[in-house]
Amino acid sequence: MRESQGMHQGTIEWRIIGEERFNRVVEALLMRMFHQPPASRVEVIDGRGGDGGIDVAVYVDDKVDRIFQLKHFPEGFSGGFRENRRPQIKKSFETAWKNHQPPRWALVFPGNPTVNESKFVTVLGQNKKVTATVWGQARLDSEMAKFPDLLAWATRDSLVETLKTFHQEKAALEGPNDLEDRARALHQLVDGRSAYWGVDFGVTEHGVTKIIRAKNPRAAELEPLGFRFNVSTNDEALSRSIKGVLDYGARRKVAIPGAAVSDFSTIGPDWFQEAGDVQLVELPAEECVPADRPIPLSLEFLDSAGFTSARHQGFLTRKSSGLKGIGFTARFCRVLELDAEIPFDTSEPGNFSISLDLANASVSDAKNALRIIEEFNEGASIQILWDGKKLLKAATNEQILGLADPASELLIDDLSVLEKRLNAAFVVPVAVTNRERVMIRIARLLTEGHATWLPPEISLTAEISDDFPDELAHHLAEHRAVLMQIPALPIEIQGSMFNMGPALLHHPDAVVQDHEVVLKAIADGTAAGMTVKFDPADEQLIRVIPMPENGITPKVVDWGLPDIPVPGLEQQSREDVELFEEPDSEM
C-alpha cells in the first residue's frame, strides 16, 4: 500500500501513512506550534547520530522545555507488542531525563492509547519533576486542524493521486503553469454567466474581491444591476459625498466603511444576488476623459453689465450624471480643478467648487492659477461654456479662501520675477528652508535695484594681495566699517548658481578674526594669498548693495517676508554707505 493512500478528503490516517511520512508530518506540526523565536525555538534531531533521548525538542531561554519522542507504533504497545515496545519507550524516556531533565515529555504515536498504555507513560515521570503524556491520533487531529494550510500540505499527495486517476492533473496544480490555467478557466466560467457583465476576481488570505465590469455599453439597460443598503453615519463630509453621488454622479471615489452599512443586498439576476455584511462599500468614480481626446471648456468672469472681463481655457477631466443632474470636473493651468454640478431643472442653481495643487507645479502655471483665484475672490459672476453652450452661470459671492496662503503667493511671485530677469524656469517647491526662501527674496530685491541684508550665517572674507601696504596692517586689529566690492554675487536657486552681478558688501563694525596670526604673517612676509574673515562686533548684519548707478546708493529695504523677519531689524543700520572709502577687498 502506498503511503499517500493514508491521506484523503482533508484527513490523515495516521496509522497507515508509513513511518517516514508520519515523522515528517509530526515534525512539521510541532515546528508550527512551538517554533516562535525568540520566545521559543524547536530543534528536530536526526536519531541516526545518537539523539540523546530527543526526537524533537522545544527550547525556552536556551533550556529544554519539552521533549517529544516519536514512535511509529500503529498497533500500539499492548498485547503482543508489549514486551518489545514498552522497553523502547522506557529507555527513550530515561535517556532524555538523564541528559536534559525536561519539565515535559511526550510520546507521539499514530494510534489512540488504551487506558493501560496511557497509565504506563504517565508513571514514567513518577518521583521526577517531569510531566509525561501521550499524543495519539485524537491529539494530533485536534492540533493539525488549527493549521488548515499545513493539513492541506499533508494531504496533498493523496489528492494529487486521486485527481490523476480521474485525469484531472491540472486540478492538482502539479505543473508550473497549472495555477494560471485553472484560474483562467475559472475566470472564463464566471465570465460566461452573463452576456452583458463580466466579473474579475482576486483571492487573498483576507477573502475574495470581485469587480463587475460591463461587456456592453448598454449593459445597465439590458441587464440592470443594483445595490440596496442603508447608511448610518455622523460623518457630515461622508454624508455630503454620498448625496452628491446620488444627485450628480461620482467624479471621485467614495468609500463607505462597513460599520456604517446595514441591510446590504444586491438586486439583479441570480448570479449577482448576494446579501450579508460588508467590510467596505466603494462607489468608484466614472471614467476619466481620455487624455488623447481632450474636451475644451471655458471659464468666464462677467462684469456687472454681463460682459466677459476674463476668460480662461481648460479641459474636461471627468463627466458624471445622477438623479438630479450632471456633474463634471475641469482642469485649468494644469493645477486648478473646478468641480461643477448642473441640475436638469434649469430653474435651480448649480454648484461649483475649486481646488488647487501647487506642489512641483511650474511657476507660470501657479501664477496663472492664482490670477484665476483672485478673480473669484473679487466677487464677479462666472459662466462655464462647453461646446459653445452655456452650462452654468453662478455668482462668486463666497470667497475662495485658503487655497494659497500669502507666503506661498509671495514665493510664487518672487520666482516669477526671477524667471524673467534670470532667463530661467522654476517650479513651486514642495518644501523650502528659511535660508533658501530668504536667498530667493534677496535675489529678487537685487534684480530690482534694492539693497538689503544678508542672513546672519553669511560672513565677510577677503584675500590679502601681494602688494598689501604694511602701513595699513595695524587697522586689521581695529573695529571698523568694512566695505567690499565683489565682481560677481552668487546665489543658488533650486540647485542652479546664478550670478547676480557686481555688488558691494558692507558691515558697519567688524574686526579681523585671529588678527594676531594675520599681523605676524604680514610681518614675516608670508601673508600674500591668506584669506581673512571679519567677525561682526555686534548683531549688525551684512548689507548687500547692487552696484550703484550715477554714484547714488540705493536705499536698504527689509526682506518683506511675513513669516521670516530680518533678525534684530530695529538694530540694523540704515545709514548711507560712503562709496569713496577705500574698499577693504583690495587688501
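A few notes on this one:
- Candidates are the residues of the range 103-128 that are touching a strand residue (DSSP E or B) at 6+ places or on another chain (Cβ under 6 Å) and aliphatic (A, V, I, L, M); the one that is nearest to Ile17 (Cα to Cα) is Val108.
- So Val115, is it open to solvent by 60 Å² or more (accessible area, probe 1.4 Å) and β-branched (Val, Ile, Thr): yes
- Figure legend. Inter-residue proximity from the range 237-249: first residues of a type in the set (Phe, Trp, Tyr), second residues open to solvent by less than 30 Å² (accessible area, probe 1.4 Å), beta-carbon distance below 7 Å, spacing 6+ or different chains. Indicated pairs: Tyr248/Ser320; Tyr248/Gly322; Tyr248/Gly325; Tyr248/Gly327.
- Test: Lys389 is among the basic types (Lys, Arg), in contact with a Gly (Cβ under 9 Å, 6 or more places away or on another chain) and at pLDDT below 90: no
- Residue satisfying all of: in the range 483-517; more than 48 Å from the chain's Cα centre (by Cα) and among the β-branched types (Val, Ile, Thr); most open to solvent (accessible area, probe 1.4 Å) among these: Val517
- Within the range 263-289, residues that are of a type in the set (Gly, Ala, Ser) have Cβ atoms under 7 Å from residues that are open to solvent by 80 Å² or more (accessible area, probe 1.4 Å) and assigned to a strand (DSSP E or B) in these pairs: Ser265/Arg228; Ser265/Ala275, counting only partners at least 6 apart in sequence or on another chain.
- Single residue of the range 336-354 satisfying the filter (of a type in the set (Val, Ile, Thr) and in contact with a Leu (Cβ under 6 Å, 6 or more places away or on another chain)) that is surrounded by the fewest Cβ atoms within 10 Å (Cβ to Cβ): Ile354
- Scope the range 423-434; condition of a type outside the set (Gly, Ala, Ser) and loosely packed, with under 13 Cβ neighbours inside 10 Å; matching residues: Asn423, Val430, Thr433, Asn434
- Test: residue in the range 307-326 that is closer than 30 Å to Asp414 by Cβ, assigned to a strand (DSSP E or B), touching an Asp or Glu at 6+ places or on another chain (Cβ under 6 Å) and of a type in the set (Phe, Trp, Tyr): no
- Residue within the range 567-580 that is under 48 Å from the mean Cα position of the chain (by Cα), under 19 Å from Arg437 (Cα atoms), outside any loop (DSSP other than H, G, I, E, B) and at pLDDT 85 or above present: no
The values are calculated or read from the model by the stated rules, or taken from the named source; none is laboratory data. Note that the coordinates shown come from a computational prediction; the quantities given were computed from them, not determined experimentally. Methodologically, a virtual Cβ is constructed for each residue, glycine included, from the backbone with ideal geometry; neighbour enumeration extends over all protein chains shown. Areas reflect the complete protein model, heavy atoms only, side chains present, ligands, DNA and RNA absent. Shrake-Rupley method; radii C 1.70, N 1.55, O 1.52, S 1.80 Å.
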